[in-house]
Structures are given as C-alpha cells and as structure tokens.
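Scroll down for the structure; my scribbles are underneath it.
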Amino acid sequence: MHLKDIIHRCRQHAAPFRVNHGHKFRLKDHDPAGTGHLHERDKDKAKKDVERSVGALSQLQEMLYAQDKWAVLLVFQAMDAAGKDGVIKHVMSGVNPQGCQVFSFKSPSNEDLDHDYLWRCSRNMPERGRIGIFNRSYYEEVLVVRTHPEFLKKQKLPPELITRHLWKERYEDIRNFEQYLSRNGVLIRKFFLNVSAEEQKRRFLDRIEIPEKRWKLSSNDAKERQFWKEYMAGYEDAIANTSTPHAPWYVVPADHKWFTRYIVASAIVDALGSLNLAFPTVDDAKKAELAQVEKALLKE
Ligand code: ATP
Ligand code: MG
C-alpha cells in the first residue's frame, strides 16, 4: 500500500479517539475495554496493521530527520500497568534510534524542585528533526500533585501564589506552553492510556505471579490504586482543559493491549503524515557540486 493511503487509513482509525476540544469531555463516555470497530477475532489483522504503521513511521521519520524543521513531541500518561512502556517499545520499534529521544519523568529531584514544574520538561524537548517521547510529563503536576497536595509543599512555592485558582492557572499555563511550542515547530500529540481499575488489578496480580514481571510492581503502585477516583477526576479535568486542535489528547482504550497499540500507532502515523514531509530537494548549485564529485570519483 502507498504511504499516502496508509496515512489516510491511520487517520480514520485514530479519529474517534481524538479530543480536539475539551469543553464537553467526560471520561465516562470512554470505555477502557473498547475495541472500536474491531472484535477480538480481528486481533491478528490489527497486529498486521501495527506492523504496517511501524514501517510507515520509519519512512516518515527519515524525512522528518532529513528536513530538520519540525520536532514531534509524544506525551504518554496513564495509571500504572496501563501499558505505556509496551506501547512505546512496539510502536517505535522501527524508528532509527538516532531520530528518537525517550524521557521518563519520575518523582522530581531536588534540582527539579528548585525550578518551576515545566523546567525539567523544557530542557528535554526534542530537537528539530527528532521525535521526543515523554513517558509521563508536566501533566504529572495536575495529576499526582493535585491528588497529593503534600507534593506541592515540596515545591517551595511562595505561599501567596497557592490560591484556589491554582489548578485552573496550571491548565492555562500548560495550554500556553503547548501553544508556544507548536508555534515554534513542535508537533504535539498526547496519549492517555485508559485502563480500568479491574484490568489494572489483574495486571498487578500477574506481576506478582510471573517471576520475570515481579520487578515491575512496587507497594506504592498498589497504594496509588486507592486514589483511583481522584486520579480519574484529574485526568478528566486535564483533558477537558488542555485539548486543543494543535495539541490534542487521544483517549485510548487500554484494557486490550493489541487495540491500544493499534490506535497509538495509527495516531502517530497520522501526526507525521499531517506534516507533508518530503526529502529536501537539491538546488542547481548543489547538483553541479555533486556532478563534480562524481566526475572526480570516476576518474580515480
Ligand atoms: P512508570 O510507573 O512510569 O512505569 P517506574 O515504575 O519505573 O515508571 P516510578 O518510580 O514509579 O517509575 O516513577 C514514577 C512515579 O513518579 C509515579 O508515581 C509518578 O506519579 C511520580 N511522579 C512523576 N512526576 C512527578 C511529579 N512532578 N511530582 C510527584 N511525583 C511525580
Ligand atoms: Mg511505577
């Protein structure tokens, strides 16, 4: 299939999960176990589609790199065990590692806490021509920090700045930050992998059961489950307040990993496809230069 057709199909597949305007966004309208127009029996077909998307992504990334104009920022947010790491691994598997940068944001360090909360993210923005992946991001500020106000205390903010408008202001700042980035040639796509509490529990139990998975689970992960409702309220507000056409959220069902990967891969192909990428063309002076080089090489 031609690259243009793959991009077109990917756009269609990902579109139902894209949020461009958040004012009507409700998490309850999104089923974590959803598989869109597909069924369990289409799983193998979906996996083949992911492979095709990965191939397309590799081609698009070569052009992105050669063109050296746009940067692409992919933000991944989710509850534990929703499958962030697996999605990143699978979807980016065909991409030249030199064109891709992954950053994982854990609890902030002392140095991070001596700065504003966007600081550690701004210093890790992808360069032009590259794809940057944020495994967690500045959105933790309006998710984990909002859920646990004790983290806010650690930020050493001047107390008079902590008002009841704080979260509203944070959303506004994030919107402005993303607006600023996109006006500077950073294409932004954000993914919320929407796993259900029941499926998370199943995956945690699996992690205890299977020796190769044990390292992944900490007691803290289980503790955070108790704040499920608060986190979901946080996600709903964040998505409602920060979805824009230039930095949309994708709310991706995450109870079935094959479907999550299918949608994320499609959305990323769509994103790069929207840039009208092409290899830079060579001007007459450059052509003449190359002809000289060719002549010299053939003469050797
Ligand atoms: P992950 O959970 O992303 O797969 P991990 O298990 O290797 O990665 P953790 O040590 O669990 O890494 O680090 C992620 C933790 O850091 C999460 O609990 C997250 O909420 C927390 N975190 C990230 N950013 C912040 C922040 N700005 N303030 C407080 N905690 C944060
Ligand atoms: Mg963790």
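The values are calculated or read from the model by the stated rules, or taken from the named source; none is laboratory data. Note that the structure is a prediction, hence the values are computed from the model and not measured. Don't worry about glycine lacking a Cβ; one is built from the backbone with ideal geometry, like all the others, and counts go over all protein chains shown. Note: accessible area is taken over every heavy atom of the protein model, side chains too, but ligands, DNA and RNA are not part of it. Shrake-Rupley method; radii C 1.70, N 1.55, O 1.52, S 1.80 Å.
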Among V145, C100, M63, flag the residue with its Cα farthest along the positive direction of the charge dipole of the range 1-157, charges on Cβ as +1 for Lys/Arg and -1 for Asp/Glu. M63
One finds, for A197 and L298 with R0 = 41 angstrom and r their Cβ-Cβ distance, a FRET efficiency to the nearest 0.05 of 0.05
Accessible area per residue, Å², the range 23-135 with all protein chains present, probe 1.4 Å: 53 Å²
Give the accessible area for M63 in Å² (nearest 10); use a 1.4 Å probe, count only protein heavy atoms, and leave out ligands, DNA and RNA. 20 Å²
Please report the carbon-and-sulfur percent of the accessible area for the chain; probe 1.4 Å, protein heavy atoms only, DNA, RNA and ligands left out. 51 percent
Measure off 7 Å from each Cα along the Cα-to-Cβ vector at E230 and K43, then give the distance between these two points in nanometres to one decimal. 3.6 nm
Given a Förster distance of 51 angstrom, what is the FRET efficiency for H148 paired with E62, based on the Cβ-Cβ distance and rounded to 0.05? 0.75
What distance in nm lies between label points placed 7 Å from Cα along the C-beta direction at K69 and S107? 4.5 nm
About the Cα centre, and with charges only on the beta carbon of Lys, Arg (+1) and Asp, Glu (-1), how big is the dipole of the range 3-299? Nearest 20 debye, please. 400 debye
Express in nm, to one decimal, how much length is gained between L118 and K4 on full extension, taking 0.36 nm for each residue of separation and deducting their alpha carbon distance. 37.4 nm
Which distance in nm do the two modelled labels at S93 and Y180 give, with both placed 7 Å along the Cα-to-Cβ direction? 3.8 nm
